[in-house]
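Peer 1: Below is a structure I'd like to ask you about.
Values quoted throughout were computed directly from the atomic coordinates according to the rules given, and no laboratory measurement underlies them. The structure displayed is predicted, hence computed values, not measured ones. Glycine gets a Cβ as well: all are built from the backbone with ideal geometry, and neighbour counts include every protein chain shown.
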Amino acid sequence: MLPAVALVCSLAACGDNDAKSSNLPTLTAEPSTTSPPPTQSASPKPTALPTTSTQKYGGLTVILNHPNPPANSDDVLAAYDNFERAANKSTATNVEDPTLPKYAVGAALTTIRAQLADQKAKKVVTGGQVNLTTKVQIIDRIGALTTCFDQSKSVLVRANGTAYVGPGTKAFPRIKVVVVLGVFDGQWKVAEYNIKREKC
């Protein structure tokens, strides 16, 4: 079992979808045919989200990083951040955060719930620290994120308070995760959360 929410399924269970997920086209801005007035900017609106944020849930500290986010990516990154916060809070407490279905659908939601069930069966929660560094592309109504998930400081905590490093962390202290978001009922949500069998 991989000990933190970004590693919500075992490596053996996660498919290798590099061909579909990681070979995404690079987005470029279309040239403008007219010049904007001097008081207007020709550039897309820059992101207003903080590039780094830290939250603590029980014994787990979650650090989210978005270095050099592309313009007009606020909505996608906000939805992803909310998903990570709700999912990590869930695995840190073994109680599903009630906001989780607001930010995840389909396979992503099923995966988090399976992780919770597995942790409850083993009577452990996730603790320590996880550090996620994400790059994003937006193609039409699809958001594609590549996250480097650093779980090297994460642990599994037993009911008696003792902690140990899980086998997933030992094998992959830093691992690549590919996340796909789509628009559902007018809101960005995480639809896929794919663990890649490769280090980052």
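Peer 1: What ranking do V183, V157 get, fewest neighbouring Cβ atoms within 10 angstrom at the top?
Peer 2: Fewest-to-most Cβ neighbours within 10 Å comes out as V183, V157.
Peer 1: Another question about this same structure. Taking 0.36 nm per intervening residue step and subtracting the Cα-Cα distance, what contour gain separates A48 from A107 on full extension?
Peer 2: Residue separation times 0.36 nm, minus the Cα-Cα distance, leaves 18.3 nm.
Peer 1: Efficiency by 1/(1 + (r/R0)^6): what FRET value for A114 and D74, r their Cβ-Cβ distance, R0 = 35 Å, to the nearest 0.05?
Peer 2: Result of the calculation: an efficiency of 0.70.
Peer 1: On a 25 Å Cα-Cα criterion, which of the cross-link pairs K102/K170; K102/K123; K102/K199; K102/K122; K123/K199; K122/K153 come out too long?
Peer 2: K102/K170; K102/K123; K102/K199; K102/K122; K123/K199
Peer 1: Using the Karplus curve 6.51 cos²θ - 1.76 cosθ + 1.60 with θ = phi - 60°, what ³J(HN,Hα) values do you get for each residue of segment 118-134, in whole Hz, with x for Gly and Pro?
Peer 2: Karplus-based 3J(HN,Hα) across segment 118-134 equals 5, 5, 4, 5, 8, 6, 9, 10, 8, x, x, 9, 10, 10, 10, 10, 10 Hz.
Peer 1: Semi-axes of the equivalent ellipsoid for segment 68-165, please: Cα gyration tensor eigenvalues, times 5, square-rooted, ordered largest first, whole Å.
Peer 2: Semi-axes from the Cα gyration tensor: 28, 16, 10 Å.
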